[in-house]
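Below you'll find the structure, written out as C-alpha cells, and then a few comments.
None of the figures in this text is laboratory data; all of them are computed from the coordinates on show. This is a predicted model, so every value here is computed, not measured. Note: ideal-geometry Cβ built from the backbone for every residue, glycine included; neighbour counts use all protein chains shown.
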Amino acid sequence: MSTIQLTSKLPNVGTTIFSVMSALANEHKAVNLGQGFPDYPMSGELIALVSEAMRNNYNQYPPMPGWMPLRESIAEKAAFLYQSNINPDTEITITPGGTYAIYSALTTILQPDDEVIVFEPGYDSYIPNIEINGAKAVTVSLVYPNYNIDWVAVKKAITPKTKAIIINSPHNPTGSVITESDIQELRKIVEGTNIFIISDEVYEHLIFDSIPHQSILRYPDLRERSFVCFSFGKTYNCTGWKMGYCIAPPELTKEFRKVHQFNAFTCHTPTQVALATFLKNKEAYLSLSSIMQEKRDHFIKFMDQTRFTLQNSSGSYFICGTYEKISDEGDKDFAIRLTKEAGVATIPVSAFYHNGKDDKVLRFCFSKKNETLEAAVEKLVNY
Ligand code: GLN
C-alpha cells in the first residue's frame, strides 16, 4: 500500500452512479435500464464510413479544433435546424463527448470562488466540474413532480459572484424540457449581466410530442454569452464513441480551445471524417424523435401493469417513476434491491442531488429494444 499523502480535489465524490448500477446489473445479470445507452445497433452506413476513412489513411491528427468538413456540416445543420449563423472556423470545437465539452467550458470561465447556478436533480458531472475549478455550485430545485424551473428561485440565487447558469434540455434525469417562456425568463435574468450560459443540449433530437427544441442557438442575444454543448453519441446511438462538440462565440471559443489544446488536444480523426458526410443525412437525425417517442409510449403502456407510477417525459432517453405503492425505503436501497431481487437495474434519482434528496423516484432508460423493455417489465410486474 502506498504511503504517499494525497489531498483529494473531490473529497465528496465517489464512483458515478452509472458505473455502480451497470456493474451491479452485470453482476446480477439484470436487465439494465440504468445507465443511458441504447442496446440496439448504430447505423451500418456510419460504421462503413469510419472504416473507409481509416482505409483512406485519415489516421493522423486532425486540426486541434476538429476536422473542418465536420465543423462545416455542423454549421449547415445548425442553420437548417435553428436558423443560426455559425462560423465553423471560429465558433465550433469538436470534443471527446458532451461531458468533456461542459467540463472545458466551465474550466474556461471559472475563477476561484465564482458561483454557478445548477438545477437539481441534475446530471452528476456538473457539480464536481465546478468544484474542481475552485468554484461553488449554487443549487436550485426543479419543481417536483413536473421538474419545471422556478425562475423566482433562480433570481433569488443570483449574487454578484454568479458566473454562469447551467441549463439542460431535454433534461437528464427527468425528461422535462424548457419552453419559450423559460427562455424569456432566462433572458430577463442574464440581460445586462456578465453571467455565462452553459447549455447542455446532448438530447436535442430526443424530444417528443412535436415540442420544438429550444436550442440556445435560436437566440442570438443568449448565444453571445453561451457555450452550447452537443453529443454525437446520443444522436447516432454510439455513446461509446465519446464524440461531441461545443459552439460558442469566437472570443469564448478562443479561450475554450486554450483549455482543450492541453487536455485532449483533438479527437479521433476517422470518426470525424465519417461524421462530416453522415451529418448531411437529415433523415438520420430527424427520425429520432418519433423512434424514441414510440419507445417511451411502449414503455409507459407496459409499465401500467406494475405498481410503479411514471411521471412525464417530454424528451431524453429517460422517464422517472415513483415506487411509493411498493416500498417506503430510500431510493438507493430500493434500486439495489430491485437489481438483485427483480433483476432490473435503474438509477436512483437522489444521485442527482448534492444532498441526496430522496423523493423515492427511480430513473428508467427506455432507449432499448422493445424486447428488452418487455423483459424488464415482466420482471417488475410481480414486484
Ligand atoms: N449520460 C449517461 C446517463 O445519464 C451516462 C454517462 C456516464 O455513464 N458517464 O446515464
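Kindly flag which residue pairs out of 9/161; 163/280; 242/295 have an alpha-carbon separation exceeding 28 Å in this structure.
Working: 9/161 22 Å; 163/280 36 Å; 242/295 24 Å.
Distance filter (> 28 Å) returns 163/280.
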field: Cβ-based net charge around residue 340, under 14 Å, with every Lys or Arg adding one and every Asp or Glu removing one
entry: 0
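Assuming a ≥ b ≥ c are the square roots of the Cα gyration tensor eigenvalues, decide whether the stretch 1-137 counts as rounded (a/c under 1.5), prolate (otherwise, with a/b larger than b/c) or oblate. Kindly include the intermediate steps, with their values, before the conclusion.
Numbers: a/c = 1.79, a/b = 1.27, b/c = 1.41.
Because a/c hits 1.5 or more and a/b fails to exceed b/c, the stretch 1-137 counts as oblate.
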Centre separation in Å (Cα based) which lies between the stretch 305-349 and the stretch 60-79: 40 Å
Cα gyration tensor, the stretch 81-215 - rounded (a/c under 1.5), prolate or oblate: rounded
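Assign unit charges at the C-beta atoms only (+1 for Lys and Arg, -1 for Asp and Glu), then state the dipole size of the chain relative to its Cα centre in Debye, rounded to the nearest 20. If you can, show how the numbers build up before the last one.
Values: 36 positive and 42 negative charges, 93 e Å.
The dipole magnitude comes to about 440 debye.
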- request: Rank 381, 21, 322 by how far each Cα sits towards the positive end of the charge dipole of the chain (+1 on Lys, Arg Cβ; -1 on Asp, Glu Cβ) and give me just the farthest.
  value: 21
statement: The long-range amide H neighbours of residue 206, using H built 1.01 Å from N in the peptide plane and a cut-off of under 5 Å, are 316
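If packing is taken as the mean number of other Cβ atoms within 10 Å per residue, what is the order of 33-39, 148-154, highest first? Could you put the intermediate results ahead of the total?
Details: 33-39: 21.7, 148-154: 16.1.
The peptides rank, most packed first, as 33-39, 148-154.
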task: Taking amide H positions as placed in the peptide plane 1.01 Å from N, state which residues far from residue 95 in sequence (5 or more) or on other chains have amide H under 5 Å from it.
output: 244, 245, 246
query: What size of dipole, in debye to the nearest 20, comes out for the stretch 106-213 about its Cα centre when the only charges are +1 on Lys and Arg C-beta atoms and -1 on Asp and Glu C-beta atoms?
result: 360 debye
field: Gyration tensor over alpha-carbon atoms, the stretch 43-122, equivalent ellipsoid semi-axes in Å
entry: 30, 17, 15
task: Taking amide H positions as placed in the peptide plane 1.01 Å from N, state which residues far from residue 140 in sequence (5 or more) or on other chains have amide H under 5 Å from it.
output: 118, 119, 120
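So what is the calculated 222 nm ellipticity per residue for the chain, using -39500 (n - 2.57) for each DSSP H run with n of 4 or more, over all residues, to the nearest 500 deg cm²/dmol?
Numbers: 15 runs with 144 residues, N = 383.
The helix-only estimate for the chain comes to -11000 deg cm²/dmol at 222 nm.
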- prompt: Is any helix in the chain, taking whole DSSP H runs, at least 30 angstrom long along its axis by alpha carbon and on average at least 1.0 on the Kyte-Doolittle scale, and which ones?
  reply: none
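Ratio to report: Rg/Rh of the chain, with Cα atoms as the point set and Rh obtained by the Kirkwood method; give two decimals. Intermediate values should be presented prior to the final figure.
Details: Rg = 20.6 Å, Rh = 21.5 Å.
Dividing the radius of gyration by the Kirkwood radius yields 0.96.
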message: Treating only the Cβ of Lys, Arg, Asp and Glu as charged (+1, +1, -1, -1), what charge dipole size does the stretch 255-383 show about its Cα centre? Round to the nearest 20 debye.
response: 460 debye
- prompt: Mind listing the Cα extents of the stretch 289-366 along all three principal axes, in Å, largest one first?
  reply: 35, 28, 19
- prompt: Along the charge dipole of the chain, which of 362, 259, 149 sits closest to the positive end, that is, farthest toward it, with unit charges on the beta carbon of Lys, Arg, Asp and Glu (+1, +1, -1, -1)?
  reply: 259
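For the stretch 12-61, take the convex hull of the Cα atoms, compute a quarter of its surface area, and give me that in nm², please. Write down the numbers at each step before the final one.
Values: hull surface 25.7 nm².
In nm², the orientation-averaged hull projection of the stretch 12-61 is 6.4.
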- request: Go through the stretch 356-365 residue by residue and turn each phi into a ³J(HN,Hα) via Karplus (6.51, -1.76, 1.60, θ = phi - 60°); whole Hz please, and just put x for glycine and proline.
  value: x, 3, 10, 9, 6, 10, 10, 9, 10, 9
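Classify the stretch 224-296: rounded, prolate or oblate, from the alpha-carbon gyration tensor (a ≥ b ≥ c, eigenvalue square roots; a/c under 1.5 rounded; otherwise prolate if a/b is larger than b/c)?
Numbers: a/c = 2.28, a/b = 1.68, b/c = 1.35.
Here the stretch 224-296 falls in the prolate category.
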- request: Identify, among 228, 207, 190, the residue whose Cα sits farthest towards the positive end of the charge dipole of the stretch 162-294, taking +1 on the Cβ of Lys and Arg and -1 on the Cβ of Asp and Glu, with the dipole about the Cα centre.
  value: 228
query: Gap in Å between the Cα centre of the stretch 357-383 and the Cα centre of the stretch 187-207?
result: 31 Å
query: residue 238: net charge of surrounding residues, Cβ under 15 Å, Lys/Arg +1, Asp/Glu -1, itself excluded?
result: 0
